[in-house]
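Structure, as structure tokens:
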Amino acid sequence: MSHAASGSLLIRAAELLSGARADVRMRGGRIERIATHLPAHDGEAVIEAHGRALCVGLHDHHLHLMAHAASLESLPCGSPVVGCVGGFADLLRMRARLEDPAAPGWIRGIGYHEGVGGPIDRRWLDAVAPQVPVRIQHRTGRLWILNTCALRRLGVEEDERGTPLERCGGRLTGRLFDGDDWLRSRLAGNYPSLARTSEALARIGVTGVTDAGASNGRGEFAHFVAERRSGRLKQDVQAMGNGELDGLADAPGVRVGPTKLYLRDADLPPFEAFCDAIVRSHAAGRPVAIHGVTRAELFFAAAALRQAAPLDGDRIEHASVAPPESLALLRELGVIVVTQPHFILERGDRYLEEVEPDDQSWLYRGRGFTDAGIPLAAGSDAPYGDLNPWLAMSAATRRRTRGGAVLGGDEALTPAEALALFCSPAHAPGGAPRQVEVGVPADLCLLDRPWETALNDLATVGVEATIKEGLVIWGRNEWRGAHY
Ligand SMILES: [Zn+2]
């Protein structure tokens, strides 16, 4: 029997978050009925939940779809993949040998940081891989390092002016800061297929995402729409982006999101110009999402929002360092914080070495924000963070680094609060979590265990089935074969 033929899907004996056991019927993309017992209709597709937890489909409030898709094809250059300087050079040499010497393709490295090979530049890359175009992305996602072969491939002349490439003593260093737009235009804007990223998201129960690309314009938006329409992308997308998205109509499964505004405290924009950018976005009916990682960036963002007058839905992305005096300010502005609790796990040991001791207690806060009444949601920031929201939830409750140190233990959330970080709607991060209830879109995930054991060990939660608008977009084979 096929799901399409019957038009409805029944999940039997699922445990709802309330603890109630229920049967849930979906039809026409929505939840039609919830009851203690619903007899299956003729030809209806049935999933036997056997008391496993039924959760709303998760929403990842901050990730980068195209970069994630590209990363699946890329060379990981961070530790622990690469242990030391010699290791990184060897890895690149080995990878370069795989390219056809007559027509070498690009080597695209990701996740690089100085701990792996120092502050590498064009000259360093030329010494290791002179014959192949190489571009290495720094872990922050904001710096590319290119070799001479890559510069040539991009059509860059040594004396060419007006490119965002860094120069030192007049010579190109191969370093490109915040130059994704330029790089993309030189690479002729080939967008990657989002199919594999979408499948990876479905496997972990994600049915919606917010793409946080600052440079998303009409081309990127059209790509999301095309991927969604083709079915390669199965999740709904809210696309942040630049002013090109102003006034653009939403498409099925793809909506225009906030304007993404970047701050870098080494190079803050003129305050008035930044306020003007906020005002322009608000006038177009779009909230802003301001990237704020450092203390200075957070206060700059808050001051600008106050000057420009905040709009419902304005958000701070990361708010990585949020000292006590910032909380009242954020609360007063009504601004949302979208955080990455798993960075405590993934990067915490480095933070302990590199972040000012005074700031360590205020890193990727949880409890501090919620106690202050600041709406809090989370996103993976994939590919710069792990895609799996269950690891992020666990990190939000445990506050442990990979090395086992506790970072900001007072900031721990309860498991239910951690779950809620991924359950609020795309347009209202940190708002009331969506519920499994009659009438809402049938975006659900069925976990591999009941709620109590899931909440007790969020990090190991697996997903049996992910359902988007009443259709199974991912499921474990054992039952999929039995019913479909
Ligand atoms: Zn991001």
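Here the strands (runs of 3 or more DSSP E) wholly within the range 1-82 that include at least 2 residues being within 16 Å of the ligand (Cβ to nearest atom), surrounded by 14 or more Cβ atoms within 10 Å (Cβ to Cβ) and modelled with pLDDT of 90 or more are 58-63.
Is it true that SER380 is in contact (Cβ under 8 Å) with a residue 60 or more places away in the chain, more than 16 Å from the ligand (Cβ to nearest atom) and of a type in the set (S, T, N, Q)? Give the derivation first.
Working: in contact (Cβ under 8 Å) with a residue 60 or more places away in the chain: yes; more than 16 Å from the ligand (Cβ to nearest atom): no; of a type in the set (S, T, N, Q): yes.
Answer is no for this residue.
Might you check whether a residue that is under 23 Å from the mean Cα position of the chain (by Cα), modelled with pLDDT of 95 or more, assigned to a strand (DSSP E or B) and of a type in the set (Gly, Ala, Ser) occurs anywhere in the range 267-286? No; the residues of the range 267-286 include none that is under 23 Å from the mean Cα position of the chain (by Cα), modelled with pLDDT of 95 or more, assigned to a strand (DSSP E or B) and of a type in the set (Gly, Ala, Ser). Residues that are surrounded by fewer than 24 Cβ atoms within 10 Å (Cβ to Cβ) and either part of a strand (DSSP E or B) or in contact with a His (Cβ under 6 Å, 6 or more places away or on another chain) (or both) within the range 287-306 comprise HIS291, VAL293, listed in sequence order.
Within the range 289-310, residues that are more than 13 Å from THR339 (Cα to Cα) and in contact (Cβ under 8 Å) with a residue 60 or more places away in the chain have Cβ atoms under 7 Å from residues that are part of a helix (DSSP H, G or I) and away from the ligand (no atom under 14 Å from the Cβ) in these pairs: ARG295/ASP359, counting only partners at least 6 apart in sequence or on another chain.
For the range 322-367, the set of residues classified as within 16 Å of the ligand (Cβ to nearest atom) and over 23 Å from ALA432 (Cα atoms) consists of PHE343, GLU346, ARG347, listed by residue number. Return the residues of the range 100-129 that are out of contact with any helix residue (DSSP H, G or I) (no Cβ under 9 Å at 6 or more places or on another chain) and either surrounded by 18 or more Cβ atoms within 10 Å (Cβ to Cβ) or under 26 Å from ARG347 (Cβ atoms) (or both); say none if nothing qualifies. Answer for the range 100-129, where residues must be out of contact with any helix residue (DSSP H, G or I) (no Cβ under 9 Å at 6 or more places or on another chain) and either surrounded by 18 or more Cβ atoms within 10 Å (Cβ to Cβ) or under 26 Å from ARG347 (Cβ atoms) (or both): GLU114, PRO119, ASP121.
Considering the range 293-321, the residues that are charged (D, E, K, R) and closer than 23 Å to ALA418 by Cβ include one that is farthest from the ligand (Cβ to nearest atom), namely ARG315.
Looking at the range 196-203, is at least one residue crowded, with 21+ Cβ neighbours inside 10 Å, under 27 Å from PRO425 (Cα atoms) and in contact with a His (Cβ under 6 Å, 6 or more places away or on another chain)? Within the range 196-203, one or more residues are crowded, with 21+ Cβ neighbours inside 10 Å, under 27 Å from PRO425 (Cα atoms) and in contact with a His (Cβ under 6 Å, 6 or more places away or on another chain). Can you find a residue that is over 28 Å from SER215 (Cβ atoms), modelled with pLDDT under 90 and not in a helix (DSSP H, G or I) anywhere in the range 83-97? Yes - at least one qualifying residue is present in the range 83-97. Among the acidic types (Asp, Glu), at pLDDT 95 or above, out of contact with any helix residue (DSSP H, G or I) (no Cβ under 6 Å at 6 or more places or on another chain) and assigned by TED's automatic domain parsing to the domain that holds TYR262 - does that describe any residue in the range 294-308? Looking for residues that are among the acidic types (Asp, Glu), at pLDDT 95 or above, out of contact with any helix residue (DSSP H, G or I) (no Cβ under 6 Å at 6 or more places or on another chain) and assigned by TED's automatic domain parsing to the domain that holds TYR262, one finds none in the range 294-308, hence no. Among residues of the range 317-344 that are closer than 24 Å to ASN388 by Cα, those with a beta-carbon under 6 Å from a residue that is part of a loop (DSSP other than H, G, I, E, B) and basic (Lys, Arg) at least six positions away or on a different chain give the pairs ILE344/ARG399.
Of all residues in the range 383-400, those that are farther than 19 Å from GLY57 by Cα and polar (S, T, N, Q) total 1.
Looking for whichever is in contact with an Asp or Glu (Cβ under 9 Å, 6 or more places away or on another chain) and within 23 Å of HIS427 (Cα to Cα) here; the options are SER380, SER394. Which one fits?
Values: SER394 fails: within 23 Å of HIS427 (Cα to Cα).
The conditions single out SER380.
Name the residue that is farthest from VAL355 (Cα to Cα), counting only residues in the range 383-394 that are touching a Phe, Trp or Tyr at 6+ places or on another chain (Cβ under 8 Å) and within 16 Å of the ligand (Cβ to nearest atom).
Pass one, the range 383-394, residues touching a Phe, Trp or Tyr at 6+ places or on another chain (Cβ under 8 Å): 385, 389, 392-393.
In the following step, the residues that additionally are within 16 Å of the ligand (Cβ to nearest atom) were identified as 385, 389, 392.
Working: GLY385: 19, PRO389: 25, ALA392: 21 Å.
Top of the filtered list is PRO389.
The residues listed here are ALA239, ALA266; of these, the one that is without any contact (Cβ under 8 Å) to a residue 60 or more places away in the chain and surrounded by 24 or more Cβ atoms within 10 Å (Cβ to Cβ) is ALA239.
Of the residues GLU469, GLU417, GLU452, which is farther than 22 Å from ILE34 by Cα, in contact with a Gly (Cβ under 9 Å, 6 or more places away or on another chain) and surrounded by fewer than 22 Cβ atoms within 10 Å (Cβ to Cβ)? Give the steps one after another, and end with the answer.
On the way: GLU469 fails: farther than 22 Å from ILE34 by Cα; GLU452 fails: farther than 22 Å from ILE34 by Cα.
Answer to the check: GLU417.
Being assigned to a helix (DSSP H, G or I) and of a type in the set (A, V, I, L, M) holds for only one residue in ALA239, ALA214, ALA226, and it is ALA226. Could you go through the range 395-409 and let me know if any residue there is touching a residue at least 60 places away in the same chain (Cβ under 8 Å), of a type in the set (Ser, Thr, Tyr) and away from the ligand (no atom under 16 Å from the Cβ). Scanning the range 395-409, I find at least one residue that is touching a residue at least 60 places away in the same chain (Cβ under 8 Å), of a type in the set (Ser, Thr, Tyr) and away from the ligand (no atom under 16 Å from the Cβ), so the answer is yes.
The values are calculated or read from the model by the stated rules, or taken from the named source; none is laboratory data. Predicted model only: the values in this text are computed from it and were never measured. Methodologically, a virtual Cβ is constructed for each residue, glycine included, from the backbone with ideal geometry; neighbour enumeration extends over all protein chains shown.
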